[in-house]
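See below for the structure under consideration.
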Amino acid sequence: MAIVETVLIGHVSGVCLLLAWAIRRGDAADLIAGYDGDLPPEREAALARDAARVLVVAAAATGLLVVDAWTGAVPRPGALAAVAVGAAVAWFLYTWNVREPADG
């Protein structure tokens, strides 16, 4: 059963990492859902960087599920992954929707 979980979760992690790479590589913030292109270039680059960070955290959190599938040593892996992804998303939403930019 660990092989099946590894393959399925590996695909999810791979898609997260591929999307993070695509967003970060070309500062392609237009790949981010809901972005309408109204930021100056330096803020758009920061948005792309932060979105890529959230995707990398999501890939790492799903990787924790693979570790648990093989070893069984992680207590409550689903809850830990959900908290990690939830914290990253909450940080991203707070950063880009609530907090004022440092320069403005």
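Every number in this text was worked out from the coordinates using simple rules, so none of it is lab data. From a predicted model like this one, the values you see are computed outputs, not experimental measurements. Virtual Cβ from ideal backbone geometry, glycine too; neighbours counted across all protein chains shown.
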Q) Is there a residue in the range 30-50 that is within 11 Å of the chain's Cα centre (by Cα) and closer than 28 Å to residue 2 by Cβ? A) no
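Out of the residues in the range 67-83 that are hydrophobic (A, V, I, L, M, F, W, C) and more than 17 Å from the chain's Cα centre (by Cα), state the one that is surrounded by the fewest Cβ atoms within 10 Å (Cβ to Cβ).
Across the range 67-83, the extreme among qualifying residues is 73.
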Q: Among the residues of the range 63-78, write down those that are without any contact (Cβ under 8 Å) to a residue 12 or more places away in the chain and over 14 Å from residue 8 (Cβ atoms).
A: 67, 71, 72, 73, 74, 75, 76
